[in-house]
Amino acid sequence: QVQLVESGGGQVHAGGSLRISCAASGNIFTIYTMAWYRQAPGKQRELVADILSSGGTRYADSVKGRFTISRDNAKNTVYLQMNSLKPEDTAVYYCNARTLVRSFWGQGTQVTVSA
């Protein structure tokens, strides 16, 4: 089992920045990819960014150049630095950890961007 705890969400004006964190615990050695997803009201959950254990990253087109995913292996923590935030970035952001067997999800953290 893997447990994920997100933190750092909040409210910010458009153009501002936030950094959200996801701390992993449990069988972390089984994780090969960590990711951030988001779900806005009335919309499907979508992939924002992911990072492989090798360090490779991938981003949704809507956040490229504005968001950066990173991981601190010593702290078992993944971060999402969000810059130049837009109102359309408003959503609940979920941390995801993938193993060969299944995915694990955090409880989510709310990010609200006001115009």
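It is to be established whether one or more residues within region 103-111 are free of Cβ contacts under 8 Å to residues at least 24 places away in the same chain and over 13 Å from the mean Cα position of the chain (by Cα). Yes. If the condition is being under 10 Å from Gln39 (Cα atoms) and either outside any strand (DSSP E or B) or in contact with a Leu (Cβ under 9 Å, 6 or more places away or on another chain) (or both), then region 91-110 contributes Tyr93, Tyr94, Gly108. Per the listing Arg58, Arg38, Arg71, the residue uniquely basic (Lys, Arg), open to solvent by 60 Å² or more (accessible area, probe 1.4 Å), part of a strand (DSSP E or B) and touching a residue at least 24 places away in the same chain (Cβ under 8 Å) is Arg71. Of the residues making up region 78-115, those that are closer than 20 Å to Gly56 by Cα and β-branched (Val, Ile, Thr) are Val78, Thr99.
Out of the residues in region 25-35 meeting the condition of being at pLDDT below 95 and of a type in the set (A, V, I, L, M, F, W, C), tell me which one is most open to solvent (accessible area, probe 1.4 Å). Among them, the one singled out is Phe29.
Just to be sure, is Val113 touching a His at 6+ places or on another chain (Cβ under 9 Å), open to solvent by less than 80 Å² (accessible area, probe 1.4 Å) and either over 15 Å from Gln3 (Cα atoms) or modelled with pLDDT under 95 (or both)? Against the criterion (touching a His at 6+ places or on another chain (Cβ under 9 Å), open to solvent by less than 80 Å² (accessible area, probe 1.4 Å) and either over 15 Å from Gln3 (Cα atoms) or modelled with pLDDT under 95 (or both)), Val113 qualifies.
The values are calculated or read from the model by the stated rules, or taken from the named source; none is laboratory data. Owing to the predicted nature of the structure, the values given are computational and were not obtained by experimental measurement. Every residue, glycine among them, receives a Cβ derived from its backbone with ideal geometry; neighbour counts consider all protein chains shown. Quick note on the areas: whole protein, heavy atoms, side chains included, nothing else; ligands and nucleic acids left out. Shrake-Rupley method; radii C 1.70, N 1.55, O 1.52, S 1.80 Å.
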